[in-house]
Amino acid sequence: MKLKVGIYWGAACGGCDVAILDTHEKLLDIAAKMDIYLWPIALDFKYDDVKKMEDGYLDAAIYSGAIRNSENEEIAILLRKKSKVMIALGACAHLGGIPGLANFYTRDEMLKRIYIDSESTINEEGVIPLESWNVKEGELDLPRFYNTVKTLDQVVDVEYYIPGCPPVPLQIYSALSLIWDDMLPPVGSVIGAGDKALCESCPRVKEEKTISEFKRIQQVLPDPEKCFLEQGLVCLGAATRSGCGARCIKSGVPCRGCYGPLDDVPDLGIKMLSAIASVLEPKEEKEIDDVLDTIVDPLRTFHRFSMPASILRRKKE
Amino acid sequence: MEFEPKLVGFLCNWCSYTGADLAGTARISYAPNLRAIRVMCSGRIDPTFIIKALYEGADGVLIAGCHPGDCHYQEGNYKALRRYKLLKRILPEYGVEPERVHLEWVAASEGEKFAKVVNEFTDKIKKLGPLNMKQSIFDSMKEDIVVHESAGEEKGGEADEA
Amino acid sequence: MPERVGVYICHCGSNIAGKIDIEKLAGFAEKLDNVALVRDYKFMCSDPGQNLIQSDLEAGLIDRVVVASCSPLMHENTFRKVCERSGVNPYLFTMTNIREQCSWVHIDEASSTEKAMDLLAASVRRAVYLEPLEKREVAINPRTLVIGGGIAGIQAALDLAEAGKEVVLVEREPSIGGHMAKFDKTFPTLDCAACILTPRMVQIGQHANIHLMSYAEVEEINGYVGNFNIKVRQKARYVDADLCNGCGMCWEKCPGTRVPRKGNVHEKLSLGPTSSIYMPFMQAIPAIPVIDRESCLYFQKGKCRICEQVCERNAINYDMEDSFEEFEVGNIIIATGFQPFDPSVIKRYGYGTLPNVLTSVEFEIMNCASGSTGGKILKADGTEPKSIGIVHCVGSRDKHYHEYCSRVCCMYALKFAHLIKEKTDAEVYNFYIDLRCFGKGYEEFYDRLLGEDVRFIRGKVGEISRWVAEEDEKDQLIVRVEDTLVGAVRRIPLDMVVLCTALEKQDGLDRVAKMCSVSVGKDGFIIEKHPKLGPVSTATDGVFIVGVAQSPKDIPDTVAQASAASSAVLSMITREKIEIEAATAEIIEEKCSGCRICNNLCPYLAINFDEEKKVSIINEALCKGCGTCVAACPSNAITAKHFNDKQIFAEIEGLLSAR
Amino acid sequence: MKYTYYPGCSVKATANLYQESIDAISPILGLELEELEDWNCCGATAYMSVKELMSFAISARNLALAEPFHRDVVTPCSACYLVLNKTNQYFTEYPDLRKKLGQALEAGGLSYSGNIRVRHILDVLFNDVGPEKISSLVKKRLDGLRVAPYYGCQIVRPEMGFDDPDDPQSMDRLIESLGATSVEYPLKTKCCGASLMGTEEDLALRLCCELLTGAESAGAHCIVTLCPLCQMNLDVYQSKVNRLCRMKHNIPVLYITQLIGIALGLPSKDLGLDKLAVKLTKPVKEILQGA
């Protein structure tokens, strides 16, 4: 019996959906095992079709993208009702992802920036989109633009998380195969990834770390063998779950933490802050400040993908 | 009723905790707002504890360790200083006044200084007013509540935290 | 089975109950999750109090214990032992400090009770996450290192050696004996210092169990209680100890001048020979000379070598190098003694610019029969002084220099007064602020001095100068002092002035402290474990402090402390093993990614990297449990036993969201 | 080396011999002392002890006038040095005093920010010119002359700044650089009574007697000082001291700048030596002629 699956994308870029397609010939195996009942980016099913299903009809719902507006939330709740297992696919659903960085601003600040102040916009009257508008044909409405971006599990209960931005296609396949092979690990675990930090699979040589200056990747020609952090380049690999095969590092760029924190780390960004601060070289206050000046925008760099899932979740208004 | 700040203190066992005890044996009275958690060394204090304390309702967090060079484990306080300096830089990004987190070196013999530090820190936070971090996060989601007729029940908005 | 926590609230007589509403606190505790029972009692640390806990544990009513009373630094061990006696792991217990950090320091009762409630809620939540820990035991190496060969080190070394234990005594100077060897008499009994010290020094030199390393310095100390590895630098004496028989030919013929030959009596003051190859004093142990490089003509100008020619046993060897010795010890006794305060910084006293102004140590040497003046008290020009002033508290009890009292100056000042009266017919003035004759027989000694018409002037000397008014004062010193009992500024011409200088921490004590990872206080003396209850032990197990290394004191107190320290060491040795800190850090291999961020964070080098497994590993024997690496590990792969993240998170929640 | 020169009232009046000797030796030693425009009296310690704030205000005025030149303010008189230096220090150390002085200066259309230094001429002679340079310029070495170095008590308070207040040595070195011997003088910083000579004459005379006796018993041919008030008390009142204390002191009291002038071979009339109350004694003259 084929599994009945629904795929949806919330506040997302579609990269996760593309990653599913990127399983190439494995897609056929997936298709052989699964019938897809909803996939807005790829197939023309309607929400009403899903609403007509009775509860728990779908075997699994694969939800990528964060919860940024009321529609994302509505469909998340809908899919939750209609499916036995809810899977958060990709960094946005798992941690809030890049959209999550919006949690440093309020709803009004963003609308004003996008529709009024942005350099390429001419909008003297300051018109911004409204949630509903009456026209001859009737009432048009738009989903409400939420003030705070949320992760999927902050809105509905989620059984499994497949991390990554985007998740490595092969890992998606292996994660899905757990379902039809009925080898799912305990509820709440992260699948399609390792349970150690990226350093374990990183090809670069790691030694003792004492950092006296930080630089950005485009300012230097780093030694190809040596660990990025030891060369004063901020690399979040040490605090990020492995599973991506160190694809960024292999293409010469330090890790930015998209696979999320390890199991019992409640806040990836603050944990990395502690790790990096501990290995700074100076002991005097003045020199410590000089080194810290060389780290660009530490909070957002350390929380690039995980702000909504961090302990404080957003900037206090 | 006047705002009484809730302060959490992380005191290192060998110097600041002993100093605090000394303030006790010397019966030096000081503000009651600080609740102390004993750790073996200021180097043990993970910035995550401080963020967690701020989230759980602390209006201010005090980190107290041995004077540089006095650390019972020789260098723990230097790491505490480095983490403190980086943490202070990011607090404004969270919309939290950096003065709410304060580091002070208190020796085992400085009972009086400990009392003074607690009093001054309490006054400073009193002036800053309450932080209410958790409450402000949920307030920010107040308008994010929408009744979804398709789902049949009202959800969202007050979702439980992560 | 969820954890069942027993909460025990102590009244501590009225210390806690007087300020905190015990009933309200108990009522609050009953409603907390996981709390199986709440009791309160007048004195939890008393036997009946302890039995309360023991009976509950043995009855199996609870499996976690929270005692809300005084500071854990006070009675944590007491209650841990109660758990052990009741067959429960001692680490399943935690304390709430509602006395030193609550009832004793807050005025308002309501807020004190509220604070106690928060603290108790935190402890209960922490208790739930407590895990049993097995105490680790470590063998105690029976050998002991004693740093410093003054009377303190000698006494401690002899106690241990006599008990059949091996001792390594390291002394920086060419001979043991310390400052006591420079004294003529000792107060209050006026025993001759040499008569009571030399036999013990000889004992040290001959004792089979004592490996004496004089003219040597401790270079490095690593390891932990029971297993310290020590590295000592034996400085080159340029005299072969096995060949030399101490005949003295070399220093008689040596033309070098370690102590200047010309200059007045006080400039030539010395105990032993003044030549470049010398023995510090005649009864030196070991009785082997050493060459002072700065003044030796061979080392400075490359010629002479007379000592080599005259030595029949050709024991002289100019090419000797510093050598190193490494060994293991179980305990360390720091008995480094003191360094006298240099009074030249007090310009108004004229030490170093005016003749006939001496420090107390110089005056002691002058009184020694084996000294360069043969024990006679002489002025700089060699004649006998007619009047001598003794100034107390020079550099002591003075905000500009040392605030503390050096405890010994009053008594040796009285001794000086007696010696002067005995040896000369000079007038004696003692300028004091307060006469502190606190010890056994001390007051009586002072009364005796009053009988020997010594003039006591209560006032701090303002200035010593040569502001002479009449002709006969020409080469005298004029002391101006405010005599507070008479209420006038007095101007007293004197032939000689002795400055009773403060006792300072020994030079280099901070380096020794750092090596033994003990901390020093604001005056540079080592901080004892507890000023009243642990004066000779330190916060670091296995490291003990004796004599002035802990704070200034006289010989009787020093000897008492030396025996106290050696008995403490003996008790450690006889236990053969000692439980060491169980609350250390541990790396969980399955979580460690080998990022090596923790590797260089450990000052005890307890973390190293396993190249094959590509993971870091903690050597539990070296780990002290500070937790610095735990906070830094980016994947939370290192846990701090008894202080892990879950426990501390629970305390944070307990403190903030319980009420 | 250019300085803003604050002469002070004494050198313009009773102590003009001090000024003459300074004017004589400055060019030779390469010192350019440009007198401060429209300076006013500093009030000395007398006024400071009567009306402290007013005294701070009038001396702050001098500092405000000198600040635009951005050069060290140099004064030959110890009392002026004490008052100006103390004002300068308290101005930076005590914010509320700074506020009040700011208002006072504003009323006169002036302002001061506290970043110039006040120095005594001894400091300049010792640290900027230096004993080596002076001895290289000496024409008549004063070998055999025994000099008692008398610093007075005001230059060492509250902060001498350039020497040890308990045991100053800078003037001793200058004396030795001229070939003379500076005797061991324990009273070098004891008070001469200063303005007490006007109010409590007997007390001041007795203090001066101590100083003169001390110098004599130290075998000094003359006393050298650097403060107009000390010089006047010891020199002009020496006869009165003799009468009160029944002594026969006859010790010349010169300024250090006069002694330097002599050693540089300058004529005595340029150095104001003729204005000394106690004339140079025979032994002193012989040494000076003989050199």
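The values are calculated or read from the model by the stated rules, or taken from the named source; none is laboratory data. Bear in mind that the values here come from a model prediction, so they are computed numbers and not experimental data. A quick note on method: Cβ atoms are made from the backbone with ideal geometry, for glycine too, and the neighbour counts reach across all protein chains shown.
Here the helices (runs of 4 or more DSSP H) wholly within segment B:60-162 that include at least 1 residues being at pLDDT 95 or above, in contact with a Lys or Arg (Cβ under 8 Å, 6 or more places away or on another chain) and not aromatic (Phe, Trp, Tyr) are B:76-90, B:111-128. For D:GLU52, the criteria (1) farther than 21 Å from D:ARG117 by Cβ; (2) under 18 Å from the mean Cα position of the chain (by Cα) hold in every case but one, which is (2).
For the residues C:LYS231, C:LYS253, the requirement of being among the basic types (Lys, Arg), closer than 26 Å to C:SER517 by Cβ and at pLDDT 90 or above singles out C:LYS231. Among the residues of segment C:304-323, none qualifies, meaning not one is exposed (fewer than 14 other Cβ atoms within 10 Å of the Cβ), in contact (Cβ under 8 Å) with a residue 12 or more places away in the chain, touching a Gly at 6+ places or on another chain (Cβ under 9 Å) and within 23 Å of C:GLY508 (Cβ to Cβ).
Scan segment C:355-371 for residues that are surrounded by 18 or more Cβ atoms within 10 Å (Cβ to Cβ) and part of a loop (DSSP other than H, G, I, E, B) and the total you get is 3. Step by step: first the residues of segment C:594-631, then only those that are in a helix (DSSP H, G or I) and in contact (Cβ under 8 Å) with a residue 24 or more places away in the chain, then the one that is surrounded by the fewest Cβ atoms within 10 Å (Cβ to Cβ). Which residue is that? Ranking the qualifying residues of segment C:594-631, first place goes to C:LEU601.
Being in the same structural domain as C:HIS266 (by TED's automatic domain parsing) and surrounded by fewer than 22 Cβ atoms within 10 Å (Cβ to Cβ) is a description that does not apply to C:TYR351. Residues that are farther than 20 Å from A:SER174 by Cα and in contact with a Lys or Arg (Cβ under 8 Å, 6 or more places away or on another chain) number at least 1 in the following helices (runs of 4 or more DSSP H) confined to segment A:1-74: A:47-52.
When the strands (runs of 3 or more DSSP E) confined to segment C:85-190 are screened for residues that are over 30 Å from B:PHE114 (Cα atoms), those reaching at least 2 such residues are found at C:136-139, C:144-147, C:167-171. Flag set for D:SER49, criterion: of a type in the set (Ser, Thr, Tyr), surrounded by fewer than 15 Cβ atoms within 10 Å (Cβ to Cβ) and more than 30 Å from D:PRO267 (Cα to Cα). Filtered by the rule that a residue be within 16 Å of C:ILE433 (Cβ to Cβ) and more than 42 Å from the chain's Cα centre (by Cα), segment C:468-494 gives no residues. Restricted to segment C:479-538, and to residues there that are farther than 16 Å from B:CYS71 by Cα and among the acidic types (Asp, Glu), the residue that is surrounded by the most Cβ atoms within 10 Å (Cβ to Cβ) is C:GLU504.
Restricting to segment C:73-108, what's the tally of residues that are within 14 Å of C:LEU120 (Cβ to Cβ), facing chain B (nearest Cβ under 10 Å) and not charged (D, E, K, R)? Total meeting the criteria: 6. Pairs meeting the criteria (first residue in segment B:16-32 and more than 7 Å from chain C (Cβ to nearest Cβ), second residue β-branched (Val, Ile, Thr) and crowded, with 23+ Cβ neighbours inside 10 Å, beta carbons under 8 Å, at least 6 apart or on different chains) are B:SER16/B:VAL106; B:GLY19/B:VAL106; B:ALA31/B:VAL118.
Checking each residue in segment A:300-310 for being surrounded by fewer than 22 Cβ atoms within 10 Å (Cβ to Cβ) and either under 15 Å from B:ALA80 (Cα atoms) or within 8 Å of chain B (Cβ to nearest Cβ) (or both) picks out only A:ARG300.
When C:CYS598 is tested against the conditions (1) within 23 Å of the chain's Cα centre (by Cα); (2) within 23 Å of B:TYR73 (Cβ to Cβ); (3) not hydroxyl-bearing (Ser, Thr, Tyr), the lone failure is (1). All but one of (1) more than 7 Å from every other protein chain (Cβ to nearest Cβ); (2) of a type outside the set (Val, Ile, Thr); (3) buried (at least 22 other Cβ atoms within 10 Å of the Cβ); (4) closer than 30 Å to C:CYS516 by Cα hold for B:LYS79, so report the exception by its number. Of the numbered conditions (1) more than 7 Å from every other protein chain (Cβ to nearest Cβ); (2) of a type outside the set (Val, Ile, Thr); (3) buried (at least 22 other Cβ atoms within 10 Å of the Cβ); (4) closer than 30 Å to C:CYS516 by Cα, the odd one out for B:LYS79 is (1).
Each residue in segment A:132-151 was checked for being assigned to a loop (DSSP other than H, G, I, E, B) and more than 9 Å from chain B (Cβ to nearest Cβ), and 3 pass.
Residue-wise test of (1) over 27 Å from A:GLY257 (Cβ atoms); (2) at the interface with chain B (Cβ under 7 Å from one of its Cβ atoms).
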position	(1), (2)
C:LYS613	no, no
C:CYS623	yes, no
C:CYS626	yes, yes
C:VAL630	no, yes
C:PRO634	no, no
C:HIS642	yes, no
C:PHE649	no, yes
C:ILE652	no, yes
C:LEU655	yes, yes
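To keep it simple, each residue is scored yes or no on (1) of a type in the set (Ser, Thr, Tyr); (2) within 14 Å of chain D (Cβ to nearest Cβ).
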{"position": "C:GLN300", "(1), (2)": "no, no"}
{"position": "C:ILE306", "(1), (2)": "no, no"}
{"position": "C:PHE324", "(1), (2)": "no, no"}
{"position": "C:ALA335", "(1), (2)": "no, no"}
{"position": "C:SER344", "(1), (2)": "yes, yes"}
{"position": "C:GLY352", "(1), (2)": "no, yes"}
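Of all the residues in segment B:20-56, those that are within 30 Å of A:ILE276 (Cβ to Cβ) and of a type outside the set (Phe, Trp, Tyr) number 21. The criterion of being of a type in the set (A, V, I, L, M), under 30 Å from C:GLU137 (Cβ atoms) and not in a strand (DSSP E or B) does not hold for C:ALA194.
Here is a yes/no grid of residues against (1) within 28 Å of C:ALA156 (Cβ to Cβ); (2) hydroxyl-bearing (Ser, Thr, Tyr); (3) not assigned by TED's automatic domain parsing to the domain that holds C:TYR412:
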residue	(1), (2), (3)
C:GLU312	no, no, yes
C:ALA315	no, no, yes
C:ILE333	yes, no, yes
C:LEU358	no, no, no
C:GLU362	no, no, no
C:THR373	no, yes, no
C:LYS376	no, no, no
C:ALA380	no, no, no
C:GLU384	no, no, no
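Taking residues in segment A:105-131 that are closer than 21 Å to A:ARG68 by Cα and assigned to a helix (DSSP H, G or I), and partners anywhere that are at pLDDT 90 or above and of a type in the set (A, V, I, L, M), the pairs with Cβ atoms closer than 8 Å and at least 6 places apart or on different chains are A:MET110/A:ALA102; A:LEU111/A:ILE128; A:LYS112/A:ILE128; A:TYR115/A:VAL127; A:TYR115/A:ILE128; A:ILE116/A:ILE128. Taking the conditions (1) more than 9 Å from chain C (Cβ to nearest Cβ); (2) over 30 Å from C:CYS602 (Cα atoms); (3) touching a His at 6+ places or on another chain (Cβ under 9 Å) in turn, B:VAL61 satisfies each one other than (2). Checked against (1) over 24 Å from D:LEU31 (Cβ atoms); (2) free of Cβ contacts under 8 Å to residues at least 12 places away in the same chain; (3) surrounded by 17 or more Cβ atoms within 10 Å (Cβ to Cβ), D:THR189 passes all but condition (2).
Do you know which of the residues in segment C:18-60 that are polar (S, T, N, Q) and in a loop (DSSP other than H, G, I, E, B) is surrounded by the most Cβ atoms within 10 Å (Cβ to Cβ)? Here the residue is C:ASN34.
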